[in-house]
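Accompanying notes for the structure given below.
The values are calculated or read from the model by the stated rules, or taken from the named source; none is laboratory data. Being a predicted model, the structure only gives us computed values, none of them experimental. Positions of Cβ are generated from backbone atoms using ideal geometry, with glycine treated the same way; all protein chains shown enter the neighbour counts.
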Amino acid sequence: MKIIAFGGSNSQQSINKHLATYAASLFENAEVEVLDLNNYAMPLFSVDLEKEVGQHELAKAFLKKIERADILVVSLAENNGNYSVAFKNIFDWCSRIMKEVFQQKPMLLLATSPGPRGGASVLEIANNAFPRYGAQIKATFSLPAFNANFDLQENKISNAELNKELTDSIKSSF
């Protein structure tokens, strides 16, 4: 089983990339590839630019990665209650090539933030929108107060109750 995981942020220290990587590691017998959105940095999408340059090669490469996955593990960063610009730009370029960006792949949809809501706003937006773009969302999980509940040295959720919630969710949904 091939898992593609990524954090929806272009931060070099993305807490969402840490969460996505950890969550993907909980799947048994899986080959995990963690994508870095910095490898898919494209000019800000516009229809005028699209007319000029056509379908961007990095968007095609991102879609190819999704195509090869059996499961997607996506953890979204929340910027002002919505997707990060880095993720939204990749998503916009990709959706112009293929409306079903997520290609009917089963998805574990996550979010975290330093605050107590754990990216709840962006998680709600994505949970409502992503199925229209081919996501088969099997489970969602929000990790509140990342710095208090995630051990960066061990690269895992340090709060036993929250860790069990994520683990149980994966076992019951996939």
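With (1) surrounded by 18 or more Cβ atoms within 10 Å (Cβ to Cβ); (2) closer than 18 Å to Thr21 by Cβ as the list, and Asp151 as the residue in question, which single condition is left unmet?
(1)
Can you tell me which of (1) more than 20 Å from Glu154 (Cα to Cα); (2) of a type outside the set (Val, Ile, Thr); (3) at pLDDT 95 or above is the one Asn80 doesn't meet?
All conditions pass for Asn80, except number (3).
I'd like to check something: does segment 118-126 contain any residue that is buried (at least 17 other Cβ atoms within 10 Å of the Cβ), in a loop (DSSP other than H, G, I, E, B) and not hydroxyl-bearing (Ser, Thr, Tyr)?
Checked against the condition, which is being buried (at least 17 other Cβ atoms within 10 Å of the Cβ), in a loop (DSSP other than H, G, I, E, B) and not hydroxyl-bearing (Ser, Thr, Tyr), segment 118-126 yields at least one hit.
List every residue pair whose Cβ atoms lie under 8 Å apart, where the two residues are 6 or more positions apart in sequence or sit on different chains, the first residue falls within segment 21-41 and is modelled with pLDDT under 95, and the second residue, located anywhere, is in a strand (DSSP E or B) and surrounded by fewer than 19 Cβ atoms within 10 Å (Cβ to Cβ).
Close Cβ pairs satisfying both conditions: none exist.
Only one of Ala139, Ala129, Ala145 is buried (at least 16 other Cβ atoms within 10 Å of the Cβ), closer than 19 Å to Pro106 by Cα and of a type in the set (A, V, I, L, M); which?
Exactly one of Ala139, Ala129, Ala145 is buried (at least 16 other Cβ atoms within 10 Å of the Cβ), closer than 19 Å to Pro106 by Cα and of a type in the set (A, V, I, L, M), namely Ala139.
Can you tell me how many residues in segment 125-148 are under 16 Å from Tyr22 (Cβ atoms) and among the aromatic types (Phe, Trp, Tyr)?
2
Of the conditions (1) part of a helix (DSSP H, G or I); (2) within 13 Å of the chain's Cα centre (by Cα); (3) of a type outside the set (Ser, Thr, Tyr), Met107 clears all except one; give me its number.
(1)
Could you give every pair whose Cβ atoms fall below 7 Å, whose first residue belongs to segment 132-156 and is farther than 12 Å from Leu166 by Cα and modelled with pLDDT of 95 or more, and whose second residue is hydroxyl-bearing (Ser, Thr, Tyr) and not in a helix (DSSP H, G or I), counting only separations of at least 6 or pairs across chains?
Short answer, once both residue conditions are applied: Phe146/Thr112; Phe146/Ser113; Asn149/Ser158; Phe150/Ser158; Asp151/Ser158.
Can you name the residue in segment 158-174 that is more than 17 Å from Ala120 (Cβ to Cβ) and in contact (Cβ under 8 Å) with a residue 60 or more places away in the chain and is also surrounded by the most Cβ atoms within 10 Å (Cβ to Cβ) among such residues?
Ile170
Quick one: in segment 1-58, which of the residues that are part of a loop (DSSP other than H, G, I, E, B) and among the charged types (D, E, K, R) is surrounded by the fewest Cβ atoms within 10 Å (Cβ to Cβ)?
Glu28
Closer than 20 Å to His18 by Cα and touching a strand residue (DSSP E or B) at 6+ places or on another chain (Cβ under 9 Å): does that describe Ile71?
It is true that Ile71 is closer than 20 Å to His18 by Cα and touching a strand residue (DSSP E or B) at 6+ places or on another chain (Cβ under 9 Å).
So, in segment 90-104, of the ones that are touching a Leu at 6+ places or on another chain (Cβ under 8 Å) and surrounded by fewer than 21 Cβ atoms within 10 Å (Cβ to Cβ), which residue ends up nearest to Leu162 (Cα to Cα)?
Only one residue tops the list, namely Gln103.
Of everything in segment 127-155 that's part of a loop (DSSP other than H, G, I, E, B) and polar (S, T, N, Q), which residue is farthest from Lys2 (Cα to Cα)?
Gln153
Just to be sure, is Glu67 within 29 Å of Asn29 (Cα to Cα) and not hydrophobic (A, V, I, L, M, F, W, C)?
Here the answer is yes, as Glu67 does meet what is asked.
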